[in-house]
Amino acid sequence: MQFALTYKSQAAAYSQNRNLFAMWSSGGWFVKRSILRRCSHALLFNLTLTTMATTAPVVAAQKVLLSADVSRAGAKIDRNIFGQFAEHLGHGVYEGIWVGPDSTIPNTRGIRNDVVAALKALKVPNVRWPGGCFGDEYHWRDGIGPQRVITLNPNWGGVIEPNSFGTNEFMDFLDQIGSEAYVSLNVGSGTPREAAEWLVYMTAAQPTTLAKERAANGHPAPYKVGYLGIGNESWACGGNMTPDYYLSQLKIYSRFVRNFNPAQQDKQQMLKIAVGPGGSETEWGYWTEAVMKAYENRQWSWDMDGLSMHSYTVVRWPPSFKSVGFGETEYAQILKTTLDMEDLVSKHSAIMDKYDPQKKVALVVDEWGAWYAPLPGSNPGFLVQQNSLRDAVLAALNLNIFARHADRVRMANIAQMVNVLQAMIMTDKEKMVLTPTYYVFKMYVPFQDATFVPVSFDAGTYAHDNITLPRLDAIAANDKAGRLWMEVTNVDPNEPVEIEVNLAGITAKSAAGETLTAPKVDSVNTFAARNTVAPKPISVKVQSGKVTLKLEPKSVTVISVEQ
Ligand code: AHR
């Protein structure tokens, strides 16, 4: 009961904060203008959809032609767009990653072996930690040494935070899965000194008191911190700051929170990521404008390398869509909403281009994914939801958007890694199951650091219940070994699609691939039936340099082409 109340106020706080921010940005009238604008958009949108639905051509039997021109290769798809997020929230860290060294669940120094093995296969490039909203209330000293400080987690259910998973455990976890640290600083309730000392503790090689304390805690060598988040959602749970107030904090933290690791001075320098927008509407544009303008006019004494952006697929707050037990309408609604990511990335990239035409600052989508209603019977503050085939399609659509914006979107973190929101993995005591989203990330491994290759096609639309979506989505990329990789998503949950790929710039000799689909749009993997949604090999033909294959309805397919 207490949890439910905590969660309700949390959900209310979200909408309230977002609205407060809207009111702050223009003295109140902007909110009304935005509502009016939404109404007129909705009217226009409905009219358009009605027209499209009645005139949409029947394309079921048609072969769709895709063209990829390898000679027009573009930007590198930064492996960091496949980053993940592990917050101290529900069973994300405790039970999901950390079971403690005395657990009967097989573990290495307290970290679950099954989860590590599964994550290793994803080649997770970076993990954002410890929050989220939790990050702005995290005091790192509570989580080091033999005697941990027991605190509370007021953001997420008000439960006990044992702090048994702290800095050293996080770094050990990263070592075990082969990933890099993206540490989120406490700007909301911490101090610049606390944050600066955390970095000394983690990165100093010289025998300072803090470096010696790290050594006494089992790690004499300095840790590598690849990415530093300067606050989290500072416009809401991170401290309700205005852009100007946040900028004054950003400049202080950017100046004083230094990385001393000798291996990170010239090469592999730590990248600093500033808090950015939480939506696409005009008030968020103001935030991006303010931070990017400050960046353009910066002095030698501070810097930033990335601008964070958060966007969940939620349709409306508080999240009310079911994560399982839904039908085609909810499938189409959620996918329609997730495609708003394109608009969001384009709008904020355009603002960034004004102040940073050389694209030195990355747009870092460090919280994205589907946010549904909590599973009945779960603690609402723990954000537990199922993960279905719909989430696999959703993940592919978002990753493709990031890849198409590879020149600006160079990092992203799905929310979250284990047991929370759109998770890769779900656990229950000693049991573990891999979700459909996990398999999408696995299938996309070859796209990490591959070079984007433009793909063009016209596959028409899929329409259901007045909702119209592009029927197909596709990206392609060249890996370092000269192989071409292509991902094609068939959004249509009812009709298969035959595709023929024409390749310019290479002569295809052979091809192979795998596809992820399942009987229903809400099919899930459970502890009892783990492989309902798992990739299977697909037959791909190559004839006279042309590649042909048939895509199952509601499927995500990745093929590789040898030349
Ligand atoms: O991922 C859950 C929460 O969503 C994060 O803590 C916060 O940053 C965001 O609002």
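Observations on the model:
- Sole exception among (1) buried (at least 24 other Cβ atoms within 10 Å of the Cβ); (2) farther than 30 Å from Asp303 by Cα; (3) more than 15 Å from the ligand (Cβ to nearest atom); (4) among the hydrophobic types (A, V, I, L, M, F, W, C) for Val361, by number: (2)
- Strands (runs of 3 or more DSSP E) contained entirely in the stretch 390-447, each with at least 3 residues that are within 15 Å of the ligand (Cβ to nearest atom) and under 19 Å from Glu87 (Cβ atoms): 409-415
- Unique match (being in a loop (DSSP other than H, G, I, E, B) and either of a type outside the set (D, E, K, R) or under 22 Å from the mean Cα position of the chain (by Cα) (or both)) among Ser311, Ser254, Ser320: Ser320
- For Asp244: the one exception among (1) part of a helix (DSSP H, G or I); (2) surrounded by 15 or more Cβ atoms within 10 Å (Cβ to Cβ); (3) not polar (S, T, N, Q): (2)
- Matching residues, the stretch 380-402, being of a type in the set (Phe, Trp, Tyr) and under 16 Å from Lys322 (Cα atoms): Phe382
- Scanning the stretch 529-557 for residues that are closer than 25 Å to Met426 by Cβ and either assigned to a strand (DSSP E or B) or without any contact (Cβ under 8 Å) to a residue 60 or more places away in the chain (or both) gives Ala529, Asn531, Thr532, Lys536, Ser555, Val556, Thr557.
- Enumeration of residues in the stretch 369-379 that are within 13 Å of the ligand (Cβ to nearest atom) and of a type outside the set (Ser, Thr, Tyr): Gly369, Ala370, Trp371, Pro374
- Residue in the stretch 180-188 that is surrounded by fewer than 23 Cβ atoms within 10 Å (Cβ to Cβ), more than 25 Å from Val418 (Cα to Cα) and touching a residue at least 12 places away in the same chain (Cβ under 8 Å) present: yes
- Flag for Pro130 being away from the ligand (no atom under 16 Å from the Cβ) and in contact (Cβ under 8 Å) with a residue 24 or more places away in the chain: no
- Residues of the stretch 448-472 that are part of a loop (DSSP other than H, G, I, E, B) and not aliphatic (A, V, I, L, M): Gln448, Asp449, Pro454, Asp458, Gly460, Asp465, Asn466, Arg471.
- Taking the listed residues Asp449, Asp473, Asp479, Asp492, the one that is under 25 Å from the mean Cα position of the chain (by Cα) and without any contact (Cβ under 8 Å) to a residue 40 or more places away in the chain is Asp479, with no other qualifying.
- Among the residues of the stretch 123-160, those that are under 21 Å from Asn413 (Cβ atoms) and either of a type in the set (Gly, Ala, Ser) or modelled with pLDDT under 95 (or both) comprise Gly131, Gly132, Gly135, Gly143.
- Of everything in the stretch 133-154 that is away from the ligand (no atom under 16 Å from the Cβ) and in a loop (DSSP other than H, G, I, E, B), the residue that is nearest to Asn217 (Cα to Cα) is Gly145.
- In the set Thr557, Thr548, Thr526, Thr532, only one residue is buried (at least 21 other Cβ atoms within 10 Å of the Cβ) and either modelled with pLDDT of 95 or more or in contact with a Lys or Arg (Cβ under 7 Å, 6 or more places away or on another chain) (or both); that residue is Thr557.
- Set Lys63, Lys120: member being at pLDDT below 95 and surrounded by fewer than 17 Cβ atoms within 10 Å (Cβ to Cβ): Lys63
The values are calculated or read from the model by the stated rules, or taken from the named source; none is laboratory data. All figures in this text were calculated on a predicted structure; none of them were measured in a lab. Note that each Cβ is placed from the backbone with ideal geometry, even for glycine, and that neighbours are counted across all protein chains shown.
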